[in-house]
Structure formats: structure tokens, C-alpha cells
1. At 7 Å along the Cα-to-beta-carbon direction for both R423 and H26, put a label point, then send me their distance in nm to one decimal.
2. Charges only on Cβ, +1 for Lys and Arg, -1 for Asp and Glu: so what's the dipole of the range 273-425 about the Cα centre, in debye to the nearest 20?
3. Could you work out how far the C-alpha centroid of the range 165-221 sits from that of the range 292-312, in angstrom?
4. Rounded, prolate or oblate: which fits the range 38-147, taking a ≥ b ≥ c as square roots of the Cα gyration tensor eigenvalues, rounded meaning a/c under 1.5, else prolate when a/b beats b/c?
5. Counting only pairs 8 or more places apart or on different chains, how many lysine pairs in the chain have C-alpha atoms closer than 25 Å?
6. Specify the inter-centroid distance of the range 62-128 and the range 32-49, based on alpha-carbon positions, in whole Å.
7. Around A76, with a cut-off of 15 angstrom between Cβ atoms, what is the net charge of the other residues, counting Lys and Arg +1 and Asp and Glu -1?
8. Under a point-charge model restricted to the Cβ atoms of Lys and Arg (+1) and Asp and Glu (-1), what is the dipole moment magnitude of the range 100-184 relative to its Cα centre, in debye to the nearest 20?
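No lab work stands behind these numbers, since they all come straight from the coordinates. If you're wondering where the values come from, they're calculated on a predicted model, not measured in any experiment. All Cβ positions, glycine included, derive from the backbone under ideal geometry; neighbour counts span all protein chains shown.
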Amino acid sequence: MVDRAASDNVSDTSAPGFEDALVPSHVRYRILALLCALSMITYLDRACLGVAAPSLVAELSLTSEAELKWAFAAFAIAYALFEIPSGWLGDTLGPRGTLLRIVAWWSICTALTAVIGLRIGGVLLAGLGTLIVLRFLFGAGEAGAYPNITRALHNWFPIRQRATAQGFIWMSGRLVGGLTPLLFMVLVTGTKWTQPLTTWRGSFVLLGIIGCAWCAVFALLFRNRPGEHPRVNAGELAEIERGQPPPSSHAAAPWRAFLRSGNLWLLCGMYFCLNFGWSFHLTYLPSYLTYRFHLDEQSVLGALYKGGPLWLGAVGCLIGGLVADRLTRRTGNPDRVRRRLCSMSLVLAGLCWLAAIYATNIHGFVLAVSLAACFNDLTMPSAWAVCQTIGGRYAGMAAACMNTIGTFGAAAAVSSTGMFVERSLAVRATAMGVDAEKLSASDKHVASLAGYDWALVTYAAAYLLAAACWWWINSSRTIHTDPKH
């Protein structure tokens, strides 16, 4: 609802600056830029562990990246456990303070990752167990980032622009996530033409500093609601709040209604499957490409291939948001638009994963998994926009519920992928009559790739299940006004 001062200016056409007040300001786009920057930092910090995995394996004297599965999973489990409390805090206290706490916490944890594998006098200061604990704390700190971004977009953007805004948020994160392998190579490995600029430890410290710098800018420029921002005029305020319910207290959150909403559970199940198929790109993919196709660590093309799925994912995020909003304006039926667009996209994503199994070279494999990522991300703006619609005034909570279950999907995927590889190695070793550690390099290579193939099949199956869930989601039903409740 427009505040009294703004209303007085609009009603009094003789008031100074009346014409300026009717021409909407565009502060919300600056807010969107801030939130896109946050999404970039989020993906930069997430992707860096997967890219640094070979360095960590060497530092910790591990056999393979599969032994890092619990470090990958610890982040996802903690992220899921703390997601709903962080989303509720954003709804209750506002996204400003919640996001500041989130980013400061995870930036510190990112910087502390630099101590893993350090030795003083031959004594290991922080090993794999410490890395797992640190990743758990990292996940707990980062939990709620995207639900609170969704809460901020709910406050700052009119309904007709929300899917597009979500598309820009996810596009920004994917773009930088795709750049991470190349950035890591330039910083840490060096290229054929340049020397390394720092060590892998220095890169983690640098990422922590970037996060803290974002906090300072965000605290200065962001406000929880447009009416609290000194540069938002009455025209923009009216445009943002047109069609939105008035703000209200969130003290009595409708937990029972959320738990009883079959619609929300379908949305969460869909997102579980979506994250199950996606998580490979940020965890095992860089090492997998090097292992299967023998990439040169200083190859620029190889680094771009490692980020390929996130590059095309960024395209999918942008197109998905623009197309969903445009078709919604044309048809007036957002529910049907989202259902058809998303279910079709996810079926195609599943087929792409099956095609990746049979790829005979790196070009075909990267193309297949990148197209899968693109089809995956065509659905992202719609999924997060649905959280704003069905959650209403509790958009942060709805987004947190969806992302919580989705993150459990990521945890299930990274742990099961490691188990498939380890199981395949054990079966091969049994057949050869030796211990897994004593397998020849060629036998280990064949067995590991067989384990990965089984994992790729599960990704394809997950996308088909996600498509089925979308077909039954009613994206226009608000939870706390559902007649069943």
C-alpha cells in the first residue's frame, strides 16, 4: 500500500514535483543488480570447491574425487536443514539483515577453506574431517540466500515482472558459475601464456574478501521495502504495489497449512528431482571431464567445457523468465503456461542425459549435458515465481521449503554418485581378485566410468519424475487462502 506522504503527493496535482512523482523511478532495477551480484558470488563460492577438487585430493593424499563425496554432501545437508529457518527470518525480520548475516557467514567459511591440508612441521592441521565440518558450516551459513532473494523480489517487483527478475537472478549465478573453471585456471594453474597469479588457497581467501565487500555495498543501498528507500518516488511505489496485498505481520506463520499443502509438496518433489540432476555440474563434472577425456589442465577450451552447462543454463534462465512472462501476458493463464513449458523442458533434459552416456567424444558429451542444463534452467524462473504466488505474504517460507527439499536432492545425488563409482571399483576388484587400491590404472579407469554411467541414468530418471510433478502443480493457488485450509 502506498504510504500517506506518497498518496498526498499523488492526490495534490499542484504539489511541487507532482509530474516527476507520476513518472516512476527505476530504483528496483538497481536492487535487481545488487541481487544479481549476490547470485554471482553464491555460484562462484559453490563452484570453486568442485574446480579445486584435484588440488584437495593431492593435498589430502586421497585416492580420487569420489572420497570428497561427504564434503560435497555436507554442504547440501546443512543448506537444507537451515533453509526454512532462514526463509522464515527473511519473512519476519526482512531480507536486508538476513542476507547480510548469510553472506558474511559464508564468506568467512570460504576464506577458512584455505587452511585445509596445511602442514606445520609435518603435522596436518586440517584434514578431510575438518573440510566436511567446514562445508557443513558453509552450507548452514549460506542457507536461505535464494529464498531471501525471492522475498526481496516479492517486495520490490510487480507481479508481471517477477519471472523475468528471477530469470536474471539465476542467469547471473549460472554465468559466473560457468566462468569459475576459467577463473580458477587463470588464478591458480596458469595458462600456456600466463603464470599463476595465486595458489588455490589464495583464491579461497580472495572469494571471502569479495563477499564481505558485497555486504558493505548492500548495507548502504538496500532497504526491505520500496517505501523505505529515499530514492523511490510515488510513481514507482504505485507501480510495484499494484495488485499486491498490503504488508502484514509474519509472527503467526501458517506452518500447518504449509505442511498440509499437497501443491507445495509437489513443488518440493519437483525441485528435489531438479537438483538431483543438476548437482553433477558443480561437483564432479570438472574432474570427470579431465578423467574421461584427459584434458590439459592449462587448456582454455577445457576450462570453457567445464563451465559449458552453466553457460547454457544461463541462457535457459533468461529465456525461461522472458518466455513465461510473455506467454502469461498473452494468454492470461500463468498456470497452464508454466505447466506446459516446464514439463516439456524437463523431459528433454532427461533425454539429453541419456544421450550423454553414449557420447564418444568430449564435444558430444559437453553438448548433451549443457543442453540438459539449458532445459533444466528454462524452468527455474517459473519455479521460483510460483513460490511467490503460492506463498503470497510468506513467499520466503515457500521458497525455503522448496529449496530445502531440493537441496536434499543435491545431497542425495552427490553421495549416490560417489557410491556408484566406489561400488563399481569394488566389483571390478572382486572380479580381478585384488583389493580396489591395487587395481591397475586402466582397470580403475574403466570401472570408474562404468559407475558414472549408472549415475547419469539416475539423473535422466530424476528429470522425468520432475516433469510428471510439474503436470500436477497448481501454480495459481495461494497456500494460506486455499479452501482446504
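1. So the label points at R423 and H26 sit 5.4 nm apart.
2. On the way: 11 positive and 6 negative charges, 138 e Å.
I would put it at about 660 debye.
3. Value for the Cα centre distance between the two parts: 17 Å.
4. Prolate.
5. Details: K69/K306; K69/K438; K69/K444; K192/K306; K306/K444.
Qualifying lysine pairs in the chain: 5.
6. Answer, in whole Å: 15.
7. Result for the neighbourhood of A76: 0.
8. 220 debye
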